[in-house]
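Remarks on the structure that follows.
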Amino acid sequence: MEDLTRRVVDSTSLEPSIAKAAIGHVLLFLRDKAPGSHVDEFIDKMQGAREAVAAAQAADDGGVTQAIEGLTSFMGHGRADLNILVGKLGNLGLTEAQSARLIEEMVDRAKALIGDEGVAKIRAILPALAERSGVMPQQPGAMGETRPRA
């Protein structure tokens, strides 16, 4: 977790505490979207990740989550869940570019910990998040390709 936090700080210029909180929110989102999957393996293999997820669960967002959840019956859960996450990252002060870099760093770390198959499963969860934050997910075989840094 410390390595990922440092990489996110270096690529986004976020404060370490903000970067760690943002990582926790994304991990929580991924875990909720795919319980019992490679996301759990990713969390298990990254020391400190469980604590970051727990902190994200406990964070109060001033009622934003409840307001958006109230709309899920009209919008469908997938898009509303994504909007909740984007709102939480925004409340932490992340810009779209910082959110995009955060996602890229997390996918890179996941590849190192759980391999291509695990990353492919995580990427299957990320398309709407990546689209919303300005990063289009790469195909599973494209992980070794160089991506431009924001």
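Laid out as a table, the results:
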| item | result |
| --- | --- |
| Cut-off 14 Å between beta-carbons: net charge of the residues surrounding ARG6, Lys and Arg +1, Asp and Glu -1 | -2 |
| Phi-based couplings in Hz for the stretch 35-49 (Karplus 6.51, -1.76, 1.60; Gly and Pro marked x) | x, x, 10, 5, 4, 4, 4, 4, 5, 4, 7, 10, 4, x, 5 |
| Hits among lysines - C-alpha to C-alpha of LYS111 under 20 Å, sequence gap 8 or more where chains match | LYS20, LYS33, LYS45, LYS121 |
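No lab work stands behind these numbers, since they all come straight from the coordinates. Please read all numbers here as calculations on a predicted model, not as lab measurements. Here the Cβ is made from the backbone with ideal geometry for all residues, glycine too, and neighbour counts use every protein chain on show.
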